[in-house]
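Notes to accompany the following structure.
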Amino acid sequence: MHLAKRVIGMMQSGLKSYGPSMLKRRMWDAEYSTDKWDFADHTVGDCVYEHLERHAKNGSILDLGCGTNTGNELAEHCYRKYVGTDISEVCLNKARRRTKEIGRAGKNEFLLADFLTYVPAEKFDVILFRESMYHVPMNKIKETLDRYSKYLTDRGVFVVRMATSGPDGVMTTTIE
């Protein structure tokens, strides 16, 4: 039974990266309709915020695969504009509700999009992949970064956050 669950999990993970957008949207909407991702709604103190604050410098942030938290937990004074994209409308509705509740509707915008095909309308000071890089097919990582680099301002940077575990099972976080 354990092996069957692992195989199913691996197949679902593969579909989230390599599947068609409509299927990915349905899968993510189903997950965000449950409490599976509720733990990610409150990540105040996460190490990524320090990097975003340092690089945003009251500028603009594009968050690819935004989830519900970053635009609502990042220190409000450190950015002028936040655009979060996600493939899940359920997720985005949660993020929009939180934004309205905390009074950031004028600064935060949320767009339904598969970030593998999304085309920004402007340039940004920071483009964030917060764990979402896991869902970029391995053979498309360079292509994806090259494509999005055109949407960075002259002082713009990518911030990529990935949590991994070593052979001892201890979690480490890498931010570049």
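So between His42 and Glu89, what do we pick up on full extension, going 0.36 nm a residue minus the alpha carbon distance?
15.0 nm
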Margin query: I'd like the Karplus ³J(HN,Hα) series for the stretch 55-68: coefficients 6.51, -1.76, 1.60, θ = phi - 60°, whole numbers in Hz, and an x wherever there's a Gly or Pro.
Written below: 8, 5, 6, 6, x, 10, 10, 10, 10, 8, x, 5, x, 10
Next item on the list: Report, by chain and number, residues whose modeled amide H sits under 5 Å from the one on Gly59, excluding near sequence neighbours (fewer than 5 apart, same chain).
Entry: Arg80
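Give the order of Thr34, Thr99, Thr153 when sorted by the count of other beta carbons within 10 angstrom, beginning with the fewest.
Result, fewest neighbours first: Thr34, Thr153, Thr99.
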Item checked: Long-range amide H partners of Ile127 with built H, under 5 Å -> Leu62, Val157, Phe158, Val159
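Enumerate by residue number the GluC sites (Glu not before Pro) in the stretch 31-125 meeting two conditions: DSSP loop (anything except H, G, I, E, B), and at most 11 other Cβ atoms within 10 Å of the site's Cβ.
Numbers: sites: Glu31, Glu50, Glu53, Glu73, Glu76, Glu89, Glu101, Glu109, Glu122; in loops: Glu122.
Sites meeting the loop and neighbour criteria: Glu122.
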Notebook entry, point to check: For Ala105 and Met138 in the same chain, what is the full-extension length gain: residue separation times 0.36 nm, less their Cα-Cα distance, in nm?
Noted result: 8.4 nm
Notebook entry, point to check: Ranking Val83, Val44 by Cβ neighbours within 10 Å, fewest first, what do you get?
Noted result: Val44, Val83
Item checked: Distance in nm between pseudo-label sites at Arg26 and Arg6 (7 Å out along the Cβ direction from Cα) -> 2.8
Next item on the list: Find the centroid of the Cα atoms in the stretch 66-126 and in the stretch 15-63, then give the distance between the two in whole Å.
Entry: 9
Check: How many nm separate the modelled label positions at Leu15 and Glu76, each set 7 Å beyond the Cα in the direction of the Cβ?
Finding: 4.1
Checklist line | Amide H within-cut-off set for Gly84, under 5 Å, with H built and near neighbours excluded | finding: Asp63, Glu109, Phe110, Leu111
Checklist line | Near-label residues of the stretch 61-100 by backbone N, under 17 Å of a point 7 Å along Cα→Cβ of Glu122 | finding: 61-64, 71, 77-85
Checklist line | Sorted by Cβ density within 10 Å, fewest first, the residues Ser88, Ser149, Ser17 | finding: Ser149, Ser17, Ser88
Check: In a solvent-free Debye calculation with one equal scatterer on each Cα, what is log10 I(q)/I(0) for the chain at q = 0.14 Å⁻¹, listed in the order of the q values?
Finding: -0.77
Margin query: Among DSSP bridges having both ends in the stretch 2-175, what percentage is antiparallel? Round to the nearest 5.
Written below: 20
Notebook entry, point to check: What are the ³J(HN,Hα) values, in whole Hz, obtained from phi via the Karplus relation 6.51 cos²θ - 1.76 cosθ + 1.60 with θ = phi - 60°, for each residue of the stretch 26-37 in sequence order, with x given for Gly and Pro?
Noted result: 4, 5, 5, 4, 4, 5, 6, 7, 9, 8, 3, 9
Checklist line | For the stretch 12-25, 3J(HN,Hα) per residue [Karplus equation, 6.51 cos²θ - 1.76 cosθ + 1.60, θ = phi - 60°, Hz, x = Gly/Pro] | finding: 4, 4, x, 5, 5, 9, 10, x, x, 3, 4, 5, 4, 4
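Bear in mind these aren't lab numbers, they're just calculated from the coordinates by the rules spelled out. It should be emphasised that the depicted structure is a prediction, and the values quoted were computed from it without experimental measurement. So basically every Cβ, Gly included, is an ideal-geometry build from the backbone, and we count neighbours across all protein chains shown.
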